[in-house]
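Please treat every number below as a calculation from the coordinates, not as lab data. Just so we're clear, the structure is a prediction, and the values are computed from it rather than from any experiment. Heads up, the Cβs are rebuilt from the backbone with ideal geometry, glycines too, and the neighbour counts pull from every protein chain shown.
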């Protein structure tokens, strides 16, 4: 019986009783073909050839004496060990291949490194998937038994390939990869167009490689968080700290409000495009701490001017931003209350001044309409600019109560600050 081991070569199956050297020679040729050209498609004949040879080797003899001390065989019989030698040969093959990839990456950096890494990752994982299918018998029997007996560092073939990629290749360049990604992110923040798919592919490997030995189906973010997310958040904080100071030195507070709103939306979009969803909360929190908190007093100081000039869109932006930080809205509520008092008292004083030097000639309807207009205008503002915030409603009610009872018409005008 024969099988195609490459596009142009037909390789003879080894006999069912073949020893390790003979069986592995056949398997290695097929595996090497798969790992070299996985994207061209692998024929079912090659996969079937791998399966048959593994099956024959694991079931036909059982007395080849394959005892692997690294697996701590103890008193287990040689027959029970059949599979360990194939498994260990596969490890040696993949490690050698990965060391070769690592050597080729030694002088690469930045985006060139990312492209090389992503390209080799695609080739490697596609090939590993094919090999996993070809070595199904090994997975279902020997690997399964090893894990059931507590040897959790024995993995199904595809998982083994990922573990080796991590320990032999990824671990040597994880800092360089993270740095290259951060460089692209900064370029994007500066207005450049970057290859977002490339960034996502590399970022996703930080998650794919975080393998839980006990539960292989468990998704872990420890690797992603330690080697990517933490440096990413630190870089984000530094970037926006510098930008916010520079921007405010040359622009107005209303312009800064627009800028911050834009930046926050960009970071939300960034998570959607190429970061893990669990990064969202930490990322936005970092942005709020850097872009809003240090500049809250400056925003509070501009709030009265925005009210006086009916800058409703800016008021809305300021409310949205300051609502993101603890205690950010309370100063606004106090300023708003003082503003409404002043506007109400000024409206009545103007009415009194137009009629007479005293309040005796004041027309009741005009007086009521004036107070009502102030209330309606600011009530609408609370709904439109402050999202009907209960605290602002209370401030409005208190202010209206004050200017209705203490104004030029009532003769008990209060000092308004």
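Brief remarks on what is shown
- Compactness of the range 96-255 as Cα Rg over 2.2 N^0.38 Å, two decimals: 1.31
- Here each label is just a point 7 Å from Cα along the line to Cβ, and for residue 112 and residue 48 those points are 4.6 nm apart.
- A protection proxy built from the mean count of other Cβ atoms within 10 Å ranks the segments 335-345, 201-211, most packed first, as 335-345, 201-211.
- Average Cα contact separation per residue, the chain, under 8 Å, 6 or more apart, as relative contact order %: 10 percent
- Rounded FRET efficiency, nearest 0.05, which uses the C-beta distance separating residue 208 from residue 152 and R0 of 22 Å: 0.70
- Were the residues from residue 281 through residue 222 laid out at 0.36 nm apart, the gain over their Cα-Cα distance would be 19.6 nm.
- Ranked by how many other beta carbons lie within 10 Å on average, peptides 134-141, 119-126 from highest: 134-141, 119-126
- In terms of packing, defined here as the mean over residues of other Cβ atoms within 10 angstrom, the peptides 395-401, 194-200 line up highest first as 395-401, 194-200.
- Convex hull (Cα only) mean projected area of the chain, reported in nm² to one decimal: 29.1 nm²
- Fully extending the segment from residue 25 to residue 145, taken as 0.36 nm per residue of separation minus the present Cα-Cα distance, adds 40.7 nm.
- Nitroxide proxy distance, nm - points 7 Å out along Cα→Cβ at residue 248 and residue 310: 3.0 nm
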